[in-house]
Amino acid sequence: MNGTQFCSVDGQNLAYHRTGKGESLLLVHGITTYSFIWRKIVPRLSENFDVLSIDLLGCGDSDKPQGADLSIAAQARLLTKFLKSLSIHKIHLICHDIGGGIGQLMAIENPDILKDLTLINTVGYDYWPVQPITALRVPFIRILAMASLDHGMLEFILRRGLYHPELLDEELLRLFQRPLQEKAGRQGFLQLAKCIDNRQLTDRVGEIRKIALPTLIIRGVADVYLSAKISEKLHQDITGSRLVNIPTGGHFIQEDEPVRLSRLISEFIEANSID
């Protein structure tokens, strides 16, 4: 991906990458990751699109303000302002994990800036948060996590998140670990976990059912962290949505099936484009 750029939003620096030409497309990651998770997707999508991949506040190279509201609702508002700061008025939005929760809220609150919505192994309803994220809310466990964030435990969590665990080589492990090497990165991760609140989606189920955007829902069937019920219910509730299940995809499906994922996104956008 191209070099890191920064955009100041509400006094906070958000890190992002931008490459390619065409209609603008924004990639939003989930918890435990940052923009690197799209590394195998960006080169393919940038052949036809202006691709932006962002580090959410508290993640990657973005600012990590102590005690900040890093909830999905706050992140959704921040991303909307981020797009306005870059004078981007319409976007194809592609989201993963808690990024999918952010995408759902953006589709509710600012549908006019979205051309379409793609949700990949997304959170939703009251079927999340899940372990081990839930445990990080307990103060004692958070202190232990801050002290260690054990290499072996992280590797175990990541391997479970892949359909092809052999893909977890030293490079990929290093990318996951990079923000956790510094105290600020660990604090950012734990603050993000602390701010997770599924009520920000459950309280708005009625509005989610009224989303009228073209919506693609993709689920890696081997995702052990997020229930299939989420994708199935979203597909049922969002009129006209399309659900694609990929048997050879785990939670980190961007690593497992980058070619198929890129193709599905591109074909979906093309099918819904208005000349």
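Filter the stretch 152-181 for residues that are in a loop (DSSP other than H, G, I, E, B) and under 18 Å from the mean Cα position of the chain (by Cα); which is modelled with the highest pLDDT?
162
Please verify whether residue 206 is outside any loop (DSSP other than H, G, I, E, B), of a type in the set (Gly, Ala, Ser), surrounded by 20 or more Cβ atoms within 10 Å (Cβ to Cβ) and at pLDDT 90 or above, treating the condition exactly as stated.
Here the answer is no, as residue 206 does not meet what is asked.
Within the stretch 189-203, which residues are within 17 Å of residue 231 (Cα to Cα) and surrounded by fewer than 20 Cβ atoms within 10 Å (Cβ to Cβ)?
Result: 198, 202.
Out of 231, 273, I need the residue that is of a type in the set (Ser, Thr, Tyr), over 26 Å from residue 62 (Cβ atoms) and surrounded by fewer than 18 Cβ atoms within 10 Å (Cβ to Cβ). Which one?
From the options 231, 273, the qualifying one is 273.
Within the stretch 19-35, can you find the residues that are under 30 Å from residue 157 (Cβ atoms) and surrounded by fewer than 20 Cβ atoms within 10 Å (Cβ to Cβ)?
Answer for the stretch 19-35, where residues must be under 30 Å from residue 157 (Cβ atoms) and surrounded by fewer than 20 Cβ atoms within 10 Å (Cβ to Cβ): just 19.
Residues in the stretch 182-196 that are under 21 Å from residue 252 (Cα atoms) and in a helix (DSSP H, G or I): how many?
Residues flagged as under 21 Å from residue 252 (Cα atoms) and in a helix (DSSP H, G or I) within the stretch 182-196 amount to 7.
Within the stretch 97-106, identify whether any single residue is aliphatic (A, V, I, L, M), at pLDDT 95 or above, outside any strand (DSSP E or B) and surrounded by fewer than 19 Cβ atoms within 10 Å (Cβ to Cβ), and answer yes or no.
The answer is no, given that none of the residues of the stretch 97-106 is aliphatic (A, V, I, L, M), at pLDDT 95 or above, outside any strand (DSSP E or B) and surrounded by fewer than 19 Cβ atoms within 10 Å (Cβ to Cβ).
Only one of 25, 14 is on the phi < 0 side of the Ramachandran plot and touching a Ser or Thr at 6+ places or on another chain (Cβ under 6 Å); which?
Unique residue meeting the criteria: 14.
Which of the following residues is under 26 Å from residue 43 (Cβ atoms), charged (D, E, K, R) and under 18 Å from the mean Cα position of the chain (by Cα): 242, 219?
Every option except 219 fails the conditions.
Can you pull out the residues in the stretch 1-24 that are in a strand (DSSP E or B) and acidic (Asp, Glu)?
The one that is in a strand (DSSP E or B) and acidic (Asp, Glu): 23.
Which one of the conditions (1) over 17 Å from residue 265 (Cα atoms); (2) not in a loop (DSSP other than H, G, I, E, B) does residue 27 fail to meet, given that it meets all the rest?
Single failed check for residue 27: (1).
Residues 43, 65: which one is more than 23 Å from residue 226 (Cβ to Cβ), part of a helix (DSSP H, G or I) and out of contact with any helix residue (DSSP H, G or I) (no Cβ under 6 Å at 6 or more places or on another chain)?
Of the residues listed, the single one that is more than 23 Å from residue 226 (Cβ to Cβ), part of a helix (DSSP H, G or I) and out of contact with any helix residue (DSSP H, G or I) (no Cβ under 6 Å at 6 or more places or on another chain) is 43.
In the stretch 31-68, what residues are in contact (Cβ under 8 Å) with a residue 40 or more places away in the chain and small (Gly, Ala, Ser)?
Of everything in the stretch 31-68, those that are in contact (Cβ under 8 Å) with a residue 40 or more places away in the chain and small (Gly, Ala, Ser) turn out to be 53, 58, 60, 62, 67, 68.
Give the residue, chosen from 52, 57, 70, that is surrounded by 23 or more Cβ atoms within 10 Å (Cβ to Cβ) and within 26 Å of residue 268 (Cβ to Cβ).
So the residue among 52, 57, 70 that is surrounded by 23 or more Cβ atoms within 10 Å (Cβ to Cβ) and within 26 Å of residue 268 (Cβ to Cβ) is 52.
The values are calculated or read from the model by the stated rules, or taken from the named source; none is laboratory data. All values derive from a computational prediction rather than experimental measurement. Every residue, glycine among them, receives a Cβ derived from its backbone with ideal geometry; neighbour counts consider all protein chains shown.
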